[in-house]
Amino acid sequence: MAEDAISENKERFAQLFGTGEKVRAVRAPGRVNLIGEHTDYNDGFVFPMAIEPQVVVICRSRKNEIVKVASTVFPNEFVEFSLQKTIERGKPSWGNYVRGVAAELMAAGIPLSGMDALICNSLPVGGGLSSSAAIEVAVAKSLLLLAGLTIEPDRLALICQKAEHDFAQVPCGIMDQMVVASARIGQAMLLDCRDFTKQFVPLEPKELRVVIVNSMVKHDLGDSEYVMRRRQCEEGVEIFKRDHPTIMALRDVTMQQVEAAKGLLSEVIYRRCRHVVGENLRAIEMAQKLLMQHYDEAGELMVKSHNSLRDDYEVSCPELDFLVEQALKVKGVYGARMTGGGFGGCIVALVRPRSVEALSEHLHKTYTAEFDRQPNVFVTTATAGASVLE
C-alpha cells in the first residue's frame, strides 16, 4: 500500500475514532500458492509466496480494555468487545477473525491492551489469496505492537490458525498463516507442514513473472466440500493404517501404496488420496526445478497439478478450467493452475516477462466472451511477510 493510501486511511481512521495519540500501521500480505494444494492439512508440502496485495491495519492503543475495529470492506460495521470478559463468536462474521486472534493470544498467556483499529484490505475477499490469514496476522501483530510485545513467526502463525479453527470455524491447514507471517522478499517458500521446516527458493524477476487471475466467481459449495475433502482424506488414512500402523497422514503414504490399496478404497477415496500423494511429490519437484531455473518443467508440474485438482480432487470449476486452458495458449506461459481451495477464486501462471501483456489481453478477451464477466489480472513479485510499517 503506497504512502498516500496509508495517509488516506489514517484520515479515515481519524473520522471513525477521532484524533489523539500517535497511530501505528501494520501490514500483512496475501499469498498465492504456486503448487501443493490441499496438502497442508495432510501434513504435506506446499509452495506458496507472499504477494503485493495486502492488509494494512491502522491502529492506536486505548486507555481501557476495549477493542473496537472497523473495516474498509464493510464500511458501516464495527466489532467491539472487552478483553476483560470472555470473548465469544458473534456478528458481523468477519469480526470473528479479530475476536479469535485476541482470544487465542490471551489464552496463550500474552497480555493485551485495548485497541482502536481500521482494517484496510486490498485483497479480494473470497478470491483464494488468503485475505483471512492476512487479517488474522495483521490484527495479531497490531495487538502485540500496542502491548509492546513480539513473538516468533511460527508461534504467531499457529495462534492465528487456531483462531480460524475456533472462531471462524474453518478447519484450515497451516500454510496460509505460516507464509503470511514468515515469507521472504523475492522468494517462494517450500514448507513442510508437519515440522514447519522451510526452504526458500529465489524467483528471478528478470526471467519470471507470477501472474494471478481472479475469475471473479466463488461458488457457494466451497466450505462444505472443503470439510468433506478433509474427511475423505482421513478415511483413506484409516484404511492405510490397517497394514501400515506408522502412517499418521497421507504425507506418509507412497504412490505405490495408493495403487496397491486401490481395491480396498472406494473409487472416490482412491482419487482423493492419489491427488494428495502426487501433489506432495509435485511440490517438492517444482521447488527443485525453479532452483535450477528449469521453467518449462516447472510449468508442466503446474498443469499436472491443475488436472489432478480438476479430476481427482474435484475442486475446480468451469471458470478456472477455462482460464487455465486459455492461459496455456499464450506463448511464453510456462504453466498455469487453479490456486486456493477451489470452486472459484484465482489461477496462477508462471510467465516470461515479455508475455505478460499478451496473456492479460487474451484472458480479458476470451473470458469475457465466454462468461460475460471481466477477470482481474495482476502481476506480482514475491514480498516479505508481515511487518510493522510505522
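The values are calculated or read from the model by the stated rules, or taken from the named source; none is laboratory data. As the structure is a computational prediction, the values presented were derived from the model and not from experiment. All Cβ positions, even for glycine, are placed from backbone atoms using ideal geometry, and neighbour counts span all protein chains on display.
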Can you pull out every residue in segment 82-133 that is among the β-branched types (V, I, T) and touching a residue at least 60 places away in the same chain (Cβ under 8 Å)?
V101, I119
For segment 233-247, give me each residue that is in a helix (DSSP H, G or I) and either closer than 26 Å to E314 by Cβ or modelled with pLDDT of 95 or more (or both).
C233, E234, E235, G236, V237, E238, I239, F240, K241, R242
Count, please, the residues in segment 63-112 that happen to be surrounded by 15 or more Cβ atoms within 10 Å (Cβ to Cβ), at pLDDT 95 or above and assigned to a loop (DSSP other than H, G, I, E, B).
4
Among G148, G173, the single one that is among the small types (G, A, S), modelled with pLDDT under 95, more than 16 Å from Q54 (Cβ to Cβ) and not in a helix (DSSP H, G or I) is G173
Flag if L264 is aliphatic (A, V, I, L, M) and either surrounded by 19 or more Cβ atoms within 10 Å (Cβ to Cβ) or under 26 Å from A298 (Cβ atoms) (or both)
no
Pairs only if they're at least six apart or on different chains, beta carbon under 8 angstrom, first in segment 254-271 and over 16 Å from R242 (Cα atoms) and in contact (Cβ under 8 Å) with a residue 24 or more places away in the chain, second of a type in the set (D, E, K, R) and outside any helix (DSSP H, G or I); list them, first residue then second.
R271/D312; R271/E314
Just give me the residues in segment 20-60 being touching a Pro at 6+ places or on another chain (Cβ under 9 Å) and under 15 Å from V137 (Cα atoms), in sequence order.
P29, G30, R31, A50, I51, P53, Q54, V55
So A117, is it under 17 Å from G148 (Cβ atoms), surrounded by 13 or more Cβ atoms within 10 Å (Cβ to Cβ) and in contact with a Cys (Cβ under 7 Å, 6 or more places away or on another chain)
yes
Among the residues of segment 39-50, what is the count of those that are in contact with a Leu (Cβ under 9 Å, 6 or more places away or on another chain) and modelled with pLDDT under 95?
1
